[in-house]
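In what follows, a structure is listed as structure tokens, so that the remarks can point back to it.
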Amino acid sequence: MFPTINVKESGANLRKLMDERGITAKDVQEYLNLASVQSVYYWWNGTNMPTIDNLYALGQLLHVSIDAIVCGNGKAILPEPIVLKTPCERRLYAYYKRLYEMQAA
């Protein structure tokens, strides 16, 4: 089956995410520099979807990925969990994790 986006569910999901974070439609209008707040209401109602640029910006505003906003019939793409079986694997993982944290700082 070809993956498709459910516009109504995506709109409801966007509204839920915004409500959880206390972000209003007016806040989104100003953040995205939209001409009218009506665009956000159209998204919420499932009349249409934000552009990919606006989805990206909304993800930044809401601190989520675009996939967390958009609802569809496709399976979620999740990384495979790391399974550390041996003590050597656990030590190596801890070493690389600490090394990464030092580089990120």
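The values are calculated or read from the model by the stated rules, or taken from the named source; none is laboratory data. Everything quoted here is computed from the prediction, not taken from an experiment. No Cβ is skipped: glycine too gets one built from the backbone with ideal geometry, and neighbour counts run over all protein chains shown. Just so you know, the surface numbers come from the protein's heavy atoms only, side chains and all, with ligands and any DNA or RNA stripped out. Shrake-Rupley method; radii C 1.70, N 1.55, O 1.52, S 1.80 Å.
Pairing each residue of the range 6-27 that is touching a residue at least 60 places away in the same chain (Cβ under 8 Å) with any residue that is open to solvent by less than 60 Å² (accessible area, probe 1.4 Å), provided the two are 6+ apart or on different chains, yields C-beta distances under 6 Å for 6/71; 6/72; 9/71; 10/70; 10/71. Scanning the range 20-35 for residues being part of a helix (DSSP H, G or I) and modelled with pLDDT of 95 or more gives a total of 8. Take residue 10 and tell me if it is outside any loop (DSSP other than H, G, I, E, B), in contact with a Gly (Cβ under 8 Å, 6 or more places away or on another chain) and small (Gly, Ala, Ser). Taking the combined requirement at face value, the residue satisfies it.
Scanning the range 46-61 for residues that are open to solvent by 40 Å² or more (accessible area, probe 1.4 Å), closer than 14 Å to residue 18 by Cβ and touching a residue at least 24 places away in the same chain (Cβ under 8 Å) yields a single hit, 61.
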